[in-house]
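One structure below.
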Amino acid sequence: MTIQFIERSYSERNATYLEQSGVHPVLSKLFAARGVEKPEELALELKHLIPPSQLKNCEAAAEYLANAIENRKKLLIVADYDCDGATACAVGMRGLRALGQAWDIQIDYFVPNRFTLGYGLTPEVVELVAQLPKQPDILITVDNGIASLAGVEKANELGIEVLVTDHHLPADQLPSAAWIVNPNQPLCNFPSKALAGVGVMFYLLIALRAELRKRGAFTAENQPRLENLLDLVALGTVADVASLDRNNRVLVSNGIKRIRSGQMQPGIRALYIAAGKDPSKSSTFDLGFTLGPRLNAAGRLADMSLGIQCLLSDSHEDALRLAHELDRMNRERRTIEAGMQETALASLINIEVGEQATLCLTDESWHQGVIGIVASRLKEKFHRPTLIFAPGEEGGEAVLKGSGRSITGFHLRDALDLVSKKHPNLILKFGGHAMAAGLTIHQQSFDTFKSCFEEIAQSLMTAETLQRQLAHDGNLNPDYIEPELGTLLAAEVWGQGFPAPVFVGEFEVLNQTLIQDKHLKLQLKAIKSNGASHPKTLNGIWFSRNLPLPNPARLAYRLVTDHYQGVARAQLHIEALDEPL
């Protein structure tokens, strides 16, 4: 599929103001294109976090927790089985232990098995935790709970209170929990709706520390240092693809700084070692594509308890052993995923994807733990909202568990909501966000659902939505294509909602060689433009492309700094070729 190149617009006035304030001229334009208006907005110190007082119920829930701790109530965190849920659980466990140490706090966690218990705080989960040797007095959900109406009701019946911390979009009705802390709940005016589940838990701890400090438990000087948890907050936020608005950039930036300086949990360090990565060069890319998948592998193939144990371990040896096991599981996950993707692609051979708005596939041999990744891969390949289903079981009934990924301009959860309203009994349950969602349907309903989902998508999407687009930051003066700028770019926090810069340039292709039969290694000369002082020869690479480039070529690329034999060099990582539509 051809790609439409679209240059990001930006305010020249804001870019000039930033540059006059001392920001690098290239970064000034990049920041302006991402909505930054003033240099003060680039300050990412912790003091710039939005205060917990603006997060609905956060201070009241903190007071409730402080009372529970003082009364030595038994607390149980009910976690989720993805990276956000695992880090939120670890942050909650570590933070509450530190804050409640004086009261010898009783706290533990429980992770539902996704294959047998489903998602969130279900009635089955509540019944299980009620049978624990030490029945909890209070359940604290992390990264789930906003849709757990029946589960909260069951807990209330059994005399167990529930505190919900979540960030997912709520349904029309909220659970009857003691408190709900969620920036996306009705009447919450918190300016950052993009907090991940781990961010919500971190905010609750900040408010709890303030409440306990007010009660004289400690002073500002000797209080527990919650900033020690920011490596976990950064990992969960990035791995959950939360939009990096300024508030999230504050959290992620400070977490990455701590990792780079060696201040991290043993589990985080162990994950870097197992992946063969250097934490001193930590980036959002590492968190999202190296550490996140290794943690997620546990939840996808077995039990996320393994990942949480790794994050909670204070022993470097134990953490490393667990990290290596997670690494092994991630390799197994990749093998399963590759097989599923091959089957899925084979089933699409005779389909003209251009004629349809969605992809909806199932196979009785598929593994439900990997369907989300396969949906993501196919969505990237075909640029269509994609739903992948695998066989599952719920309440003794054979069902299909689905996971979906969407494209910009198509709100997946809202689309599923429309399907459920138009065909009330078709979807058993669903939830999620604009770009990702999960659902359960009857096995016999697949074909009906597939046609209904396509019908809804056709009514919502335009030809423009279905055209693959690449947003870029325009031409980069070849004089700036130097390792110094690559280093500056690498030091910034980029991610969802604050995308890493992609530049476009015209190049003469001096040499192109295929390495390992799959990567195109390039020597390019920047064609003189934008007042460049001289044309220069540049090294480039296009990963996973084995077709030769035309000459000359208009290319979209990322600028990185490559170190070879101790020498820093600018290198272009090619993203796309601009071809006629």
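Couple of notes before you dig in:
- Amide hydrogen proximity for Y10: with H placed 1.01 Å from N in the peptide plane, no residue at 5 or more positions away or on another chain lies under 5 Å.
- The alpha-carbon of K536 sits under 20 angstrom from the alpha-carbons of these lysines, leaving out residues fewer than 8 places away in its chain: K521, K525, K528.
- The average projected area of the stretch 348-466, computed from the convex hull of its Cα atoms over all directions, is 7.0 nm².
- Using only side-chain charges placed at the Cβ, +1 for Lys and Arg and -1 for Asp and Glu, the dipole size of the stretch 462-555 relative to its Cα centre rounds to 360 debye.
- Across the stretch 55-72, computed HN-Hα scalar couplings (Karplus, 6.51 cos²θ - 1.76 cosθ + 1.60, θ = phi - 60°) run 8, 3, 6, 5, 6, 5, 5, 5, 5, 4, 5, 4, 4, 4, 5, 5, 8, 6 Hz from first to last residue, x flagging Gly and Pro.
- Per-residue extension of 0.36 nm, minus the Cα-Cα distance of L345 and Q173, leaves a gain of 58.0 nm for this segment.
- Among the GluC sites (Glu not before Pro) in the stretch 145-254, those placed in a DSSP loop whose Cβ has at most 11 other Cβ atoms within 10 Å are E221.
- Within straight-line reach of K421, meaning a Cα separation under 16 Å, sit the following lysines at least 8 residues removed in sequence or on another chain: K429, K450.
- Cβ-to-Cβ counts within 10 Å put S544, S11 in ascending order as S544, S11, the fewest first.
- Three-way shape call for the stretch 473-577 based on the alpha-carbon gyration tensor, with the a/c threshold at 1.5: rounded
- For the stretch 268-404, pairs of C-alpha atoms spaced more than 24 angstrom apart make up 40 percent of the total.
- Aspartates and glutamates with Cα under 20 Å of K47, excluding same-chain neighbours fewer than 8 positions away: E37, E59, E211, E221, E227, D231, D245, E492
- Expressed to the nearest 5 percent, the antiparallel share of DSSP beta bridges inside the chain is 65 percent.
- Checking the Cα-Cα distances for K277/K401; K38/K281; K277/K381; K281/K401; K29/K193; K379/K422 against a 32 Å cut-off, the pairs over it are K277/K401; K281/K401.
- Spin-label model distance (nm) - S11 vs F115, 7 Å beyond Cα toward Cβ: 5.3
- Global form of the stretch 396-518, assessed from the alpha-carbon gyration tensor, a/c cut-off 1.5: prolate
- Each principal axis of the Cα cloud of the stretch 177-275 was taken in turn, and the coordinate range along them, longest first, works out to 41, 34, 25 Å.
- The distance separating the Cα centre of the stretch 453-520 from that of the stretch 91-155 comes to 42 Å.
- Sequence-distant contacts, meaning Cα pairs under 8 Å at least 6 residues apart, place the relative contact order of the stretch 348-466 at 24 percent.
- Prolate/oblate/rounded call for the chain, Cα gyration tensor, a/c under 1.5 rounded: oblate
- Report summary: the helix-based calculation at 222 nm, which adds -39500 (n - 2.57) for every DSSP H run with n ≥ 4 and divides by the residues of the chain, gives -11500 deg cm²/dmol.
- The stretch 319-413: GluC sites (Glu not before Pro) in DSSP coil with no more than 10 other Cβ atoms inside 10 Å: E352, E364
- For the chain, the relative contact order is 12 percent, taking Cα pairs closer than 8 Å that sit 6 or more residues apart in sequence and dividing their mean separation by the residue count.
- From phi via Karplus (6.51, -1.76, 1.60), per-residue ³J(HN,Hα) for the stretch 413-420 in Hz, x at Gly/Pro: 5, 5, 5, 5, 4, 5, 4, 5
- With the cut-off at under 16 Å, measuring from each backbone N in the stretch 213-229 to a point 7 Å along the Cα-to-Cβ line of Q263 picks out 221-229.
- HN-Hα J in Hz across the stretch 445-460 - Karplus 6.51, -1.76, 1.60, θ = phi - 60°, x for Gly and Pro: 9, 4, 4, 5, 4, 4, 6, 5, 5, 4, 4, 5, 4, 4, 6, 9
- Exposure proxy shown here: for T358, T462, T561, the number of other Cβ atoms within 10 Å sets the order, fewest to most, as T462, T561, T358.
- Against the empirical curve 2.2 N^0.38 Å, the C-alpha radius of gyration of the stretch 1-131 lands at a ratio of 1.65.
- Separation between Cα centres of the stretch 395-422 and the stretch 239-302, rounded to whole Å: 29
- Within the stretch 67-115, the trypsin sites (Lys or Arg not before Pro) that combine a DSSP coil assignment with at most 16 other C-beta atoms in a 10 angstrom radius are R72.
- Ranked by how many other Cβ atoms sit within 10 Å of their own Cβ, fewest first, the residues H167, H519 fall in the order H519, H167.
Read-outs: derived from the displayed coordinates by stated rules, not from any lab. All figures in this text were calculated on a predicted structure; none of them were measured in a lab. Cβ: placed from backbone, ideal geometry, glycine included. Neighbour counts: every protein chain shown.
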